[in-house]
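Note sheet for the following structure.
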Amino acid sequence: MSDTKQNPAAEITSETSVVSRRDFLSEITVGALGIAGLGGTALTYQYFSPNVLFEPATTFRAGNPDLYPVNSVTFLQDQQVYIVRTPAGFYAVSAVCTHLGCITQWKPEADIIACPCHGSKFQPDGKKIEGPAPRPLPHYSIILTADGELLVDKLQTLKFDQVLGA
Ligand code: FES
């Protein structure tokens with residue numbers, strides 16, 4: 001009698017070993033092809049997807065002028081703009097510090113706009129008081145629409161003496 005007939009476990013182990021190696025190589029091949037297919041699909045999807053940068057609109061409505069009392073500074077966080085109303089009219093002042101771009105904060109107790117990063121300070125109309133900021137905070141274009149709302153255009157900057165009449 002042969003060994004396999006005397007010991008059936010030896011035959012099973014021997015056959016299992018050969019089949020397992022074949023199955024293993026087959027599964028490796030299928031797995032590699034699957035990964036390559038997924039990678040190719042992902043690259044194709046990325047290639048055909050539009051490569052667009054979505055940025056917020058540069059023009060926005062700031063609402064009715066009556067929302068802003070005379071001698072007030074209102075921070076519009078979404079737009080990073082201060083709407084400043086003086087007896088002379090309206091300013092739209094950028095809240096982005098001209099030093100390194102930090103967002104400034106209105107400090108009503110001191111009547112200043114202050115930068116938390118390196119200590120620049122500005123008057124409510126954006127003029128620099130002190131600190132490393134090289135320029136005042138810019139004024140954006142602000143107009144009154146036909147339906148009576150303030151419209152700010154952050155792409156157009158104005159001179160400091162230009163205000164929208166109250
Ligand atoms: S970023 Fe405002 S002072 Fe430096």
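The values are calculated or read from the model by the stated rules, or taken from the named source; none is laboratory data. Nothing here was measured: the structure is a model prediction, and the numbers come from that model. No Cβ is skipped: glycine too gets one built from the backbone with ideal geometry, and neighbour counts run over all protein chains shown. Note: accessible area is taken over every heavy atom of the protein model, side chains too, but ligands, DNA and RNA are not part of it. Shrake-Rupley method; radii C 1.70, N 1.55, O 1.52, S 1.80 Å.
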- Message: With an 8 Å Cα cut-off and a minimum separation of 6 or more residues, compute the relative contact order for the chain in percent.
- Response: 18
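Treating the beta-carbon of each Lys and Arg as +1 and of each Asp and Glu as -1, no other charges, what is the dipole magnitude of the chain about its Cα centre, to the nearest 20 debye? Don't skip to the answer; put the middle values down first.
On the way: 12 positive and 16 negative charges, 111 e Å.
The calculation lands at about 540 debye.
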- Between 0 and 90°, nearest 10: helix 8-48 axis offset from the chain longest Cα axis: 30
- Give me the percent of the accessible area of the chain that comes from carbon and sulfur atoms, probe 1.4 Å, all protein chains in place. 58
- Item | the chain - Rg and Dmax from Cα coordinates, angstrom | 34.2, 114
- Estimated inter-spin distance, Asp161 and Glu27, nm [label 7 Å along Cα→Cβ]: 8.3
- Cross-chain or 8 or more residues apart, Cα under 22 Å: how many lysine pairs in the chain fit that? Count them up, please. 9
- Task: Choose one of Asn71, Ile28, Ala42: the residue whose Cα lies farthest towards the positive end of the charge dipole of the chain (beta-carbon charges +1 Lys, Arg; -1 Asp, Glu; about the Cα centre).
- Result: Asn71
- GNM on the chain, Cα springs under 10 Å; top mean-square fluctuation among Ile112, Ile142, Ile28 goes to Ile28
- Message: Give the residue list of chymotrypsin sites (Phe, Trp or Tyr not before Pro) in the stretch 47-103 that are DSSP loop and have at most 12 other beta-carbon atoms within 10 angstrom.
- Response: Phe54
